[in-house]
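Student: Before I ask anything, here is the structure I am working with.
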Amino acid sequence: MDISGKKYTSKGFLTVFSISAVTLLFIIGLTCYVVDPFLQFRVDPKSRYILNPRFVNGGLAKNYEYNTALIGSSMVQSFDISTLRNTYQGMKPVKLSSGGMNLAEMELLYSIVQEKGVKNIIMNVDMPFFNQAGFVSRYPGYLYEDGFMNKLQYLYSYEAQIQYIPANLGLELYFKIKDGNLPDVYKMKTNIDQIGTESYAKTYSAEFVKNYYLAGNSVLYQHVEHMEERMDNSLTSFIAKLEIDKHKDVDYTFMFPSYSALYWYHTRKHDYYSQFLGFAAKFIRMVEKYDNVRVVSFLDRNEITDLNYYGDVTHFSPALGDTIMTNMFNPKYEINSSNVDAMTQRVDSLVDAFIEKNKDWLPK
Amino acid sequence: MIFSTYIFTFVFLPVVLILYFGISRYVSRKVQHLLLIFASLVFYGYNHISYVWLILISISVNYIMATGVQNATRLLFRKICFVTGVLFNVCLLGYYKYYNFFVDNINTLFDTHFVLRQIILPLGISFFTFQQIAYLISVNKKQEKVPGVLDYVLFITFFPQLVAGPIVFSQDVMTQYQDDKNRFFNTDNFVQGLFIFIIGLFKKAVVADTLNIFSSNAFFDPGSLSFGAAWLGSLAYTFQLFFDFSGYSDMAIGLGKMFNINLPVNFYSPYKSKSITEFWKRWHITLGRSLFVLIYIPLGGNRKGYARTCFNLFAVFFVSGLWHGAAWTFVLWGSLHGLVRVFEKIFDKQLDKVPDLVRIFFTFLFVSSALVLFRSLTVNDALIMLKTMYIPDVISFNEISHLAFNTTLAYPDMMQSIFVVGILLIVSYFVFLFPKNSIDLYNEFKPKPKIAIMSAVMFSIAVIHFSKVGAFIYFNF
């Protein structure tokens with residue numbers, strides 16, 4: 001092998017390689033910076049990007065213009081957050097949610113929102129996630145933490161470069177060709193107000209939910225052994241990490257969402273009904289010492305007995321989501337130590353009524 | 001540490017290269033070797049520091065035994081040293097790799113309840129153990145002389161080949177380590193090494209890890225696959241394994257070359273083989289060579305008659321199966337290769353009359369189908385997949401799109417199907433029809449500007465795949 005020809009030298013090869021590689025990597029990085037599929041540098045509400053909550057929540061929390069943050073799991077994913085904007089004058093809300101969001105992920109998003117100085121924070125209290133131990137954030141860290149190396153990783157990340165940039169550029173083109181006249185599914189997937197919603201793929205009907213449940217699809221499995229102790233520990237740790245007393249200028253709203261009566265029936269069947277239903281009272285006891293905290297409960301809404309409002313055992317429709325958002329700051333739904341027992345009794349009655357009405361098909 | 005990562009490519013490798021060659025004019029070869037050994041141990045212990053002591057003990061015991069074998073004046077002492085050394089290696093491998101497999105089978109067979117242990121397989125143990133047994137054998141046969149301790153430690157730990165081969169024999173590299181001119185930076189070698197390192201990087205990070213999406217989805221639930229999806233899933237794994245391991249070997253060869261060390265070739269277009277016999281001369285070549293020295297020759301090779309030769313051949317492949325993993329899937333995989341190898345030995349002349357293309361086709365078909373066993377978690381899973389491929393209830397091409405499923409971004413089904421078939425067609429072209437493999441390109445390398453630009457393109461594409469790359473498949477063996 002002769003590699004010492006007069007025309008080509010190894011030093012020349014190295015020079016051409018180095019210049020080419022640096023140029024190419026610069027162009028690749030620049031493309032990611034300009035397109036910015038995960039909103040790490042800017043958020044343009046007009047752009048039509050595919051918004052995967054796990055990848056964009058960090059950028060959205062850091063770079064979107066908002067004064068109210070709603071943080072929560074799939075229970076709030078069907079929310080069209082524009083309802084809050086339209087209901088409450090001056091409110092600029094953002095929804096930071098993702099399916100199966102655990103407490104570590106909530107805390108991570110909360111820390112970003114807190115750092116941004118947002119004064120109005122709504123947090124969805126999804127009880128099953130308080131019954132987990134040893135949870136860690138599953139979000140890609142480089143999209144949530146600051147630092148030069150994280151930004152560099154983003155600019156050259158597989159997800160951005162290979163998956164989302166081509167998809168986003170293709171979608172932009174598609175939008176232009178179709179002149180914005182696109183199926184709802186694409187509009188929802190690219191709308192910041194509806195980020196993460198799967199309502200386009202859901203069937204909200206009692207018959208569907210009934211068949212879905214009877215086919216063996218239920219809810220996230222819950223370990224019952226030592227549940228109470230585990231939930232107490234999670235709650236104590238969660239509230240401590242929020243450091244509410246250090247942020248007296250922030251208004252906190254903790255929201256208990258509307259689980260279906262079928263869900264409550266399922267918890268009764270698997271022996272954790274009382275732990276879950278009693279959790280609201282424990283939560284209140286934990287936070288009532290803070291003047292800047294409100295707890296609202298939609299657990300006892302009448303709609304929970306009507307499965308037409310649900311797409312599965314737990315997740316409710318955008319219609320019920322709208323009602324919840326409209327009443328988010330309605331004092332009627334605030335709960336405290338003096339009315340929490342009445343609220344839980346109402347849930348109890350609603351669940352009893354539901355079971356009585358549906359006893360012909362509910363599994364024994 | 002994994003080659004195709006930011007930390008290795010942008011930090012570890014440049015730092016080691018700069019330090020190693022930077023000090024070459026000021027210190028002796030031994031100091032440079034010490035640095036390289038230290039770097040190799042950092043490389044080895046980066047993810048699991050706890051096993052650095054294990055490799056150091058293994059090296060120490062082997063070195064002492066090899067010295068004993070060489071210096072023994074009495075035959076008995078020589079034999080004791082040799083047998084102790086070999087037994088030590090076998091026991092080490094046996095405990096870390098086969099203990100649970102053995103106990104599990106005892107429990108199944110005799111309905112006992114011996115407790116399985118939580119043993120983490122030390123990285124590359126199969127590779128450095130084989131390397132050291134082969135070395136003991138060659139010292140015992142007086143084919144090798146025991147070098148200085150630093151040269152020996154470097155021979156085992158040299159990071160380009162430490163965790164997944166090529167399985168290097170002392171005669172491959174020892175004189176190169178000891179050659180004084182190799183300790184100085186050589187631009188020609190560096191550039192040539194860089195070239196094949198980038199090819200390997202691309203093969204692993206871009207090709208193999210893309211194919212991994214398809215094969216992982218296929219083997220996740222073999223029972224749910226259609227006829228078409230099962231075939232494409234099996235094909236995806238066949239190509240993935242090749243690009244993964246040959247990519248690693250290319251990178252190892254490239255890294256060695258950067259340090260002026262020529263490592264042996266490990267892959268040479270194996271899927272173009274006309275027989276299983278030829279396949280093993282092109283696939284994981286250094287393993288075949290090791291098994292020849294460690295199993296075939298000690299069993300008598302071809303010196304004890306035809307039947308014994310056939311048995312010895314089968315034994316080599318049986319051990320090869322076990323070497324790859326402590327599971328019945330691997331044992332079956334190795335045994336199948338052994339049976340076909342014996343079949344080819346018996347019908348050698350008749351097979352020669354079959355047209356080459358037909359032979360290549362059936363050899364590939366066998367290799368690919370046998371790899372279903374290699375990849376499956378259980379024999380039952382493999383049989384389910386093989387049944388769908390060869391005796392399907394319905395010939396259906398549905399759900400091919402599911403092979404491209406990922407939780408990050410879903411494309412429409414049609415696009416995903418086109419993606420799967422398109423990628424496999426492109427890869428097939430490079431495997432079967434592209435006139436030169438990476439070793440040819442490496443051997444014929446000329447530092448032309450267009451090759452430099454092409455290398456830069458491949459490097460840049462590989463870099464953006466780093467954030468998703470998985471560990472090399474052969475790290476598990």
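Student: Over the whole of B:440-450, what's the average partner chain Cβ count within 10 Å per residue? Rounded to a whole number, please.
Tutor: That works out to 4 on average.
Student: Please go through the residue pairs B:Lys281/B:Lys345; A:Lys95/A:Lys189; B:Lys181/B:Lys450; B:Lys97/B:Lys142; A:Lys11/B:Lys181 and name each one whose alpha carbons sit more than 22 Å apart in this structure.
Tutor: B:Lys181/B:Lys450; B:Lys97/B:Lys142
Student: Mind listing the phi-derived Karplus ³J(HN,Hα) values for segment A:9-19, rounded to whole Hz, using 6.51, -1.76 and 1.60 with θ = phi - 60°, and x for any glycine or proline?
Tutor: Karplus-based 3J(HN,Hα) across segment A:9-19 equals 10, 5, 5, x, 4, 4, 5, 4, 4, 4, 5 Hz.
Student: Can you tell me which of A:278-287, B:179-188 comes out highest on packing, and rank the rest after it, using the mean Cβ neighbours within 10 Å?
Tutor: Per-residue mean Cβ counts within 10 Å order the peptides as A:278-287, B:179-188.
Student: Across segment A:336-353, in residue order, what do the Karplus-derived ³J(HN,Hα) couplings come to in whole Hz, using 6.51 cos²θ - 1.76 cosθ + 1.60 with θ = phi - 60° and x for Gly and Pro?
Tutor: Residue by residue, segment A:336-353 yields 8, 5, 7, 10, 5, 5, 5, 4, 5, 5, 5, 4, 4, 5, 4, 5, 4, 4 Hz.
Student: Chain B: Rg/Rh from Cα coordinates, Kirkwood Rh?
Tutor: We get a ratio of 0.97 for chain B.
Student: Still on this structure, please answer the following. Would you list, by chain and number, the aspartates and glutamates whose Cα falls below 17 Å from the Cα of B:Lys145, excluding same-chain residues fewer than 8 positions away?
Tutor: Straight-distance partners of B:Lys145: B:Asp172, B:Asp179.
Student: What list of ³J(HN,Hα) couplings, whole Hz, do you get for segment B:71-87 from phi and the Karplus terms 6.51, -1.76, 1.60, once you set θ to phi - 60° and write x for glycine and proline?
Tutor: Listing the rounded values in order: 8, 4, 8, 9, 4, 4, 5, 4, 5, 4, 4, 5, 5, 4, x, 5, 4 Hz.
Student: With springs only between Cα atoms under 10 Å, which of A:Ile244, A:Ile177, A:Ile71 fluctuates most in a Gaussian network model of chain A?
Tutor: For chain A, modelled as a Gaussian network with Cα springs under 10 Å, the answer is A:Ile177.
Student: Hey, another quick one. Quote the Stokes-Einstein diffusion coefficient, in whole µm² s⁻¹, for segment A:163-222, based on the Kirkwood radius over alpha carbon pairs, a temperature of 37 °C and a viscosity of 0.692 mPa s.
Tutor: The estimated diffusion coefficient comes to 229 µm²/s.
Student: Name the residues whose placed amide hydrogens come within less than 5 Å of the amide hydrogen of A:Ser97, ignoring near sequence neighbours (fewer than 5 apart) on the same chain.
Tutor: Those lying under 5 Å, H to H, from A:Ser97 are A:Gly72.
Student: Something else: Which pairs in the list A:Lys202/A:Lys332; A:Lys202/A:Lys359; A:Lys62/A:Lys289; A:Lys282/A:Lys332; A:Lys119/A:Lys202 are over 27 Å apart, alpha-carbon to alpha-carbon?
Tutor: Where the Cα-Cα span goes over 27 Å, the pairs concerned are A:Lys202/A:Lys332; A:Lys62/A:Lys289; A:Lys119/A:Lys202.
Student: Here are some pairs, B:Lys30/B:Lys204; A:Lys46/A:Lys116; A:Lys187/B:Lys468; A:Lys241/A:Lys364; which of them have Cα atoms lying more than 31 Å apart in this structure?
Tutor: From B:Lys30/B:Lys204; A:Lys46/A:Lys116; A:Lys187/B:Lys468; A:Lys241/A:Lys364, over 31 Å: B:Lys30/B:Lys204; A:Lys241/A:Lys364.
Student: Also: Which residues' amide hydrogens lie under 5 Å from the amide hydrogen of A:Thr68, considering only partners 5 or more residues apart or on another chain, with H built in the peptide plane?
Tutor: A:Lys92, A:Val94
Student: Which whole-number percentage describes the relative contact order of segment A:70-217, with Cα contacts under 8 Å and a sequence gap of 6 or more?
Tutor: So the answer I get is 30 percent.
Student: Assuming a ≥ b ≥ c are the square roots of the Cα gyration tensor eigenvalues, decide whether segment A:87-217 counts as rounded (a/c under 1.5), prolate (otherwise, with a/b larger than b/c) or oblate.
Tutor: rounded
Student: Also, quick follow-up: Give the long-range amide H neighbours of B:Ile167: residues separated by 5 or more places, or on another chain, with amide H under 5 Å away, using H modelled in the peptide plane at 1.01 Å from N.
Tutor: Distant-sequence amide H within range of B:Ile167: B:Thr286, B:Leu287.
Student: Give a quick list of trypsin sites (Lys or Arg not before Pro) in segment B:339-386 that DSSP marks as loop, anything other than H, G, I, E or B, with at most 10 other Cβ atoms within 10 Å.
Tutor: Answer in residue order: B:Lys353.
Student: Then there's this: With each run of n ≥ 4 DSSP H residues scored as -39500 (n - 2.57), what mean residue ellipticity at 222 nm is computed for chain B after dividing by its residue count and rounding to the nearest 500 deg cm²/dmol?
Tutor: Result for chain B: -20500 deg cm²/dmol, rounded to the nearest 500.
Student: Using the Cα atoms of the protein assembly as shown to build a convex hull, what is its mean projected area in square nanometres?
Tutor: If I average the Cα hull's projected area over directions, I get 43.7 nm².
Student: Another one. How many angstrom lie between the Cα centre of segment A:17-34 and the Cα centre of segment A:245-269?
Tutor: 47 Å
Student: Check the straight Cα-Cα distances from A:Lys7 and name the aspartates and glutamates below 15 Å, setting aside those fewer than 8 residues away within the same chain.
Tutor: Those aspartates and glutamates meeting the cut-off are B:Asp188.
Student: How many times 2.2 N^0.38 Å is the alpha carbon radius of gyration of segment B:56-103?
Tutor: Normalised Cα radius of gyration, segment B:56-103: 1.33.
Student: How big, in percent, is the set of alpha carbon pairs in segment B:188-275 lying more than 24 Å apart?
Tutor: Counting pairs separated by more than 24 Å, the tail of P(r) holds 33 percent.
Read-outs throughout are calculated quantities, based only on the coordinates presented, and are distinct from any laboratory measurement. Remember, predicted model here, so these are calculated numbers, not experimental data. As a convention, Cβ positions derive from the backbone with ideal geometry for all residues, glycine included, and neighbour counts pool all protein chains shown.
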